Amino acid sequence: MTDGNDKLRGGQGSASPVLECRSVERRFGGIVALNGIDLQINRGEIFGLVGPNGCGKTTLTNAITGFYPPQRGNILLNGNDITGLAPHKVARLGVARTFQNLALFNGMSVLDNILLGRHVHMHASVWRTAGYWWLAQSDETANRAAVEDVIDFLQLESVRDELVDGIPIGLKKRVELARALAAEPSLLILDEPMAGMNQEEKEYMARFILDARDERHVTVLLIEHHMDVITGICDRMLALNYGAMIGAGIPAEVVADPRVVEAYIGGAHAAV
């Protein structure tokens, strides 16, 4: 990604926050993983979250999605406090995520992996299926139509019936994005979606993320090590180091902050 990609930013963030983190703190024993994190992501934004390995990025994601609730502070989704809410309940409120390490189901097809993203919209039960089979059939048809739409959107038609085991890493990352989008989220959290990709694959993924925001009206929290991606497509960003905030605001300004430069180059030797 180059500076020329600045024009790709939609600048669509509004004053209506989708996500707010207020003084969030998370400890593991004597280790402070998150220390007073304040974050606000507005509707329609692509918001970048960066920092060296171990700085607290994934811990913050897990706090938002309910896996590791904060011991202090609050997390609000669309103005409602979701602090400590169970992960499946957070998902039903419109939050979907991808993972730093691929979490696809080997031995299953691309289509079936993406279909699993529809679980928040499925209302199967023995009574519904046995007594009202036509309703279950209607649900199945609707869910498959939604999945086929996502497959078309992410240009996965050529591999839809292949096992995920045998497709390249770039396509696997795209399948994981497709599974998240199949849930029809309002907030999409992407944890290093471009890790292991070459430049061409990164360009494709960046375009798909932009299109998801623009065409599917998804607000995005993007965790990435690739600073060219962050400066190319994010509206605003937050930088962490040792669980603390070291820079926030417009990407071009944050990446020039001496504390951020030190964290990446002077201390952590992270990939940029």
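Values quoted throughout were computed directly from the atomic coordinates according to the rules given, and no laboratory measurement underlies them. The structure presented is a predicted model; accordingly, all values stated were derived computationally and were not measured. Every residue, glycine among them, receives a Cβ derived from its backbone with ideal geometry; neighbour counts consider all protein chains shown.
In whole percents, the pair-distance distribution calculated for region 138-192 from its alpha-carbon pairs, binned every 5 Å from zero, is 4, 18, 28, 24, 17, 7, 1, 0.
Most exposed first by the Cβ proxy, i.e. fewest other Cβ within 10 Å, how do Y68, Y264 rank?
By the 10 Å Cβ count, ascending, the order reads Y68, Y264.
Just going by the charge dipole of the chain, with Lys and Arg at +1 and Asp and Glu at -1 on Cβ, which of V24, H119, A178 is farthest out on the positive end? Positive-end residue among those listed: V24. Judged by the gyration tensor of its Cα atoms, with axes a ≥ b ≥ c, region 52-110 is oblate; a/c meets the 1.5 cut and b/c is at least as large as a/b.
Determine one quarter of the surface area of the Cα convex hull of region 203-272, which equals its mean projected area, and express it in nm² to one decimal.
Quarter of the Cα hull surface area: 4.8 nm².
Taking Cα centre as origin and charging only the Cβ of basic (Lys, Arg, +1) and acidic (Asp, Glu, -1) residues, the dipole magnitude of the chain rounds to 880 debye. Here the dipole of region 30-97 is about 180 debye; that uses its Cα centre as origin and unit charges on the Cβ of Lys and Arg (positive) and Asp and Glu (negative).
Ranked by the mean number of other Cβ atoms within 10 Å of their residues, highest first, the peptides 252-261, 213-222 come out as 213-222, 252-261. Calculated from the alpha-carbon coordinates, region 149-272 shows an Rg and a Dmax of 15.9, 49 Å respectively.
A viscosity of 1.002 mPa s and a temperature of 20 °C, combined with the Kirkwood radius over Cα pairs in Stokes-Einstein, give a translational diffusion coefficient for the chain of 111 µm²/s. If you average the sequence gap of Cα pairs under 8 Å that are 6 or more apart and divide by the length of the chain, what percent do you get for the contact order? The normalised contact order for the chain reaches 28 percent.
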